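One structure is given here, and the rest of the page talks about it.
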Amino acid sequence: MFVQYVGRRLALIPITLLGVSAIVFLLARIVPGDPAQLAAGDQATPEMVEAFRQEYRLDRPIWEQYVAFLGGLLQGELGRSMFTGRPVLDDLRAFLPATLELTAVGITLALLIGVPAGVFSALYRNRWPDQLARGLALTGVSFPVFWLALMLQLLLAVSLDLLPIGGRFPAAYKGPATITGLYTLDFALARDAEGVGLALRHLLLPALCLAVGSVASITRITRTSVLDVLGRDFIRTSRAMGLPERVVIGKYVLKNAFIATLTMLGVALTYMLAGSVLVESVFDWPGIGLYAFKSIIQLDFQPIAAFTLLVGTMVALVNLGVDVLYGVFDPRIRR
Amino acid sequence: MAALAAIALLLVAAVFGPSLAPYSEDAEGAIHADARLRPPSGAHPFGTDELGRDVFSRVLIGARISLSVGVIVLVIGVTIGTILGAIAGFVGGRVGEAIMRFTDITITIPELILALAITAVLGRSLGNTMLAIGLVRWPIYCRLVQAQVAGLATEPFVEAAVAGGGGPARVLLRHILPNCVSPVIVRASLDMGLAILTAAALGFLGLGAQEPIPEWGAMVSNARNTFPTAWWSATFPGLAIFMTVFAFNVLGDGLRDVLDPRTTD
């Protein structure tokens, strides 16, 4: 049963990825004007534009172009960045770990804040902690994340000097030997406690900015599922049997709430990957978000297209992972 | 209620902005090199920016842009989404499946990223930004309408309408869609804030309104060059975005409680 469920979900993945690649492909081709000009950029000479046209077979029928595009994708051919001069694939590979680390910490923070807030909200339903939590959550989703980043940077880094202004670690400090590209992990593997501390300090502000938007939805969903569980019979039975409240909440309520929160992970990731473009630019965080930002400023289209494709792929895979985990934890849905 | 008051204020600013602003010419290209980067004062409550322009006036006049962007984006998104969702829900079958698959795929790419890719292709302008965001918003409404229409299509009153000789379009328009209006309105009011945020983000990325149009996101972006010393030129436009979005979110939340009581506790 479970295998069938996973199999069904897995089968959707190629279709989704094809679809995403088709959208990106179409974007690059269905352009007012000349797609070759778009790919070659503003500064290209007519000869360069022609060379692009030949190389990317832009004079061929569109389905032939799409097949060539897919073939190129499978070989890792994502074009070349104008400002780094490197193949886009190399750029993305270099910058991805930084964003992964940032997103992971962001999701952790969002869960650390959102889940307790949601539980509190549910336990003190409609009283002031509930109203406060919901008010704060509503505030959280209203912030333009790039402005929040600037304000937090101004307040905490510049005025109060509590946290670093940007970057992944201080300029004077020697970076870790690159094993995973995730600095906290690399420093830990090198048994450099100070390095881990520094990396975490630098992660805190940008991750917090990313987390703020997701906290609201996590709070809301935790609250709803906790309320839902609290109303069920087996909870009353547990309490009637004399189980301490701590156990009732800890064991049953949280476990069920966890499942619901899981569904939010996909959404949170989507939001954070989008936010990374803005937050990484404010904190000079060398991830794919900053890479995309620089490409956007210069309208360097191939990196933008590759970035879109990468993010779509990541979201699709995470959604699959979430669905599978959901199936693991909640046997009812494995029909 | 306070949210309504805030939005009313916003509307006033949007409509009468140029007349109310003390230095409205600053939103149209005027530059005052001698008044650069003045901190907030009596003459300039929000200070001046790197070109000597009054930030307060520009924020005020920018209200018009933000509000119209939000409205146009929603109109585009709701229209496309409703049409596709209605077809998918009513016709069902392969066509419906295909439409919903396409919707799922579009949702997989985060809105901001897809919108920026579309804008990068179409070219930097406010109009293209609005089109791009509208084009990424429609899936939400498509799903909403499809679910509603599919649910209603089996109702007796619809069968009666079809039996009475109504063609599909007529049945849809006259009988089914009017019943879908309420959830769409709730969703749209909640989305207004999000639409404005996305537009501001695109403005921050330099993809939206071009100089000298005082779009709030673009203003924050321009202010980064003089940040954090001249903190006012980034703070106030951003604050305007926040308060506008917050007001709409509160409004949307309230509307949801009123129109869709099932979701309140």
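Within the range B:232-246, identify whether any single residue is of a type in the set (A, V, I, L, M, F, W, C), part of a helix (DSSP H, G or I), in contact with a Lys or Arg (Cβ under 8 Å, 6 or more places away or on another chain) and without any contact (Cβ under 8 Å) to a residue 60 or more places away in the chain, and answer yes or no. Looking through the range B:232-246, at least one residue is of a type in the set (A, V, I, L, M, F, W, C), part of a helix (DSSP H, G or I), in contact with a Lys or Arg (Cβ under 8 Å, 6 or more places away or on another chain) and without any contact (Cβ under 8 Å) to a residue 60 or more places away in the chain. The residues of the range A:186-199 that are out of contact with any helix residue (DSSP H, G or I) (no Cβ under 6 Å at 6 or more places or on another chain) and either surrounded by fewer than 17 Cβ atoms within 10 Å (Cβ to Cβ) or aromatic (Phe, Trp, Tyr) (or both), listed by number, are A:LEU189, A:ALA190, A:ARG191, A:ALA193, A:GLU194, A:GLY197. Among residues of the range A:4-25 that are more than 11 Å from chain B (Cβ to nearest Cβ), those with a beta-carbon under 7 Å from a residue that is charged (D, E, K, R) and not in a helix (DSSP H, G or I) at least six positions away or on a different chain give the pairs A:TYR5/A:ARG334.
Restricting the range A:166-184 to residues that are out of contact with any Asp or Glu (no Cβ under 8 Å at 6 or more places or on another chain) and among the hydrophobic types (A, V, I, L, M, F, W, C) leaves a set whose member that is farthest from A:LEU208 (Cα to Cα) is A:ALA172.
Do you know which of the residues in the range B:77-105 that are more than 14 Å from chain A (Cβ to nearest Cβ), of a type in the set (Val, Ile, Thr) and crowded, with 19+ Cβ neighbours inside 10 Å is nearest to B:VAL220 (Cα to Cα)? Going through the qualifying residues, I end up with B:VAL78.
Keeping to the range A:113-132, report how many residues are of a type in the set (A, V, I, L, M, F, W, C) and under 15 Å from A:LEU230 (Cα atoms). Can you show your working first?
Of the range A:113-132, the ones of a type in the set (A, V, I, L, M, F, W, C) are A:113, A:115, A:117, A:119-120, A:122-123, A:128, A:132.
Cutting the leftovers down to under 15 Å from A:LEU230 (Cα atoms) gives us A:119-120, A:122-123.
Total satisfying the criteria: 4.
Annotation: A:SER21 fulfils all but one of (1) surrounded by 14 or more Cβ atoms within 10 Å (Cβ to Cβ); (2) modelled with pLDDT under 80; (3) within 20 Å of A:SER295 (Cβ to Cβ); the unmet one is (2).
Being surrounded by fewer than 19 Cβ atoms within 10 Å (Cβ to Cβ), within 30 Å of B:PHE248 (Cα to Cα) and not aliphatic (A, V, I, L, M) is the filter here; which residues of the range A:135-184 pass it? Within the range A:135-184, A:GLY135, A:THR139 qualify.
For B:ILE185, are the conditions met, namely being crowded, with 17+ Cβ neighbours inside 10 Å and assigned to a helix (DSSP H, G or I)? Before the answer, list the steps.
Details: crowded, with 17+ Cβ neighbours inside 10 Å: no; assigned to a helix (DSSP H, G or I): yes.
Considered against the rule, which asks whether it is crowded, with 17+ Cβ neighbours inside 10 Å and assigned to a helix (DSSP H, G or I), B:ILE185 comes out as no.
Of all residues in the range A:276-311, those being closer than 20 Å to A:PRO87 by Cβ and touching a residue at least 24 places away in the same chain (Cβ under 8 Å) number 21. Of the helices (runs of 4 or more DSSP H) lying entirely inside the range A:224-335, not one contains at least 2 residues that are within 11 Å of another protein chain (Cβ to nearest Cβ), at positive phi and among the hydrophobic types (A, V, I, L, M, F, W, C). Give me the residue from the range B:233-251 that is surrounded by fewer than 21 Cβ atoms within 10 Å (Cβ to Cβ) and more than 10 Å from A:THR139 (Cα to Cα) and, out of that set, farthest from the other protein chains (Cβ to nearest Cβ). The residue in question is B:LEU251.
This table checks each residue for (1) surrounded by fewer than 20 Cβ atoms within 10 Å (Cβ to Cβ); (2) touching a Pro at 6+ places or on another chain (Cβ under 9 Å); (3) under 20 Å from B:GLU111 (Cα atoms).
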residue: A:ASP284; (1), (2), (3): yes, no, no
residue: A:ALA292; (1), (2), (3): no, yes, yes
residue: A:ALA306; (1), (2), (3): no, no, yes
residue: A:ALA316; (1), (2), (3): no, no, yes
residue: A:GLY321; (1), (2), (3): yes, no, no
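Okay, residues lined up against (1) modelled with pLDDT of 85 or more; (2) in a helix (DSSP H, G or I); (3) of a type in the set (Gly, Ala, Ser):
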position: A:THR103; (1), (2), (3): yes, yes, no
position: A:ALA110; (1), (2), (3): yes, yes, yes
position: A:GLY114; (1), (2), (3): yes, yes, yes
position: A:PHE120; (1), (2), (3): no, yes, no
position: A:PRO129; (1), (2), (3): no, yes, no
position: A:ARG134; (1), (2), (3): no, yes, no
position: A:GLY140; (1), (2), (3): yes, yes, yes
position: A:TRP147; (1), (2), (3): yes, yes, no
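From the list A:GLN65, A:GLN75, which residue is without any contact (Cβ under 8 Å) to a residue 24 or more places away in the chain and either farther than 30 Å from B:THR226 by Cα or in contact with a Ser or Thr (Cβ under 9 Å, 6 or more places away or on another chain) (or both)? Result of the check over A:GLN65, A:GLN75: A:GLN75. Against the conditions (1) touching a residue at least 60 places away in the same chain (Cβ under 8 Å); (2) more than 14 Å from chain A (Cβ to nearest Cβ); (3) not polar (S, T, N, Q), B:HIS175 satisfies every one except (1).
Between B:LEU207, B:LEU197, the distinction of being within 18 Å of the chain's Cα centre (by Cα), at the interface with chain A (Cβ under 8 Å from one of its Cβ atoms) and not in a helix (DSSP H, G or I) belongs to B:LEU207 only.
Are any residues in the range A:113-165 among the basic types (Lys, Arg) and within 27 Å of the chain's Cα centre (by Cα), and if so, which ones?
A:ARG134 - this is the single residue of the range A:113-165 that is among the basic types (Lys, Arg) and within 27 Å of the chain's Cα centre (by Cα).
The values are calculated or read from the model by the stated rules, or taken from the named source; none is laboratory data. Just so we're clear, the structure is a prediction, and the values are computed from it rather than from any experiment. Positions of Cβ are generated from backbone atoms using ideal geometry, with glycine treated the same way; all protein chains shown enter the neighbour counts.
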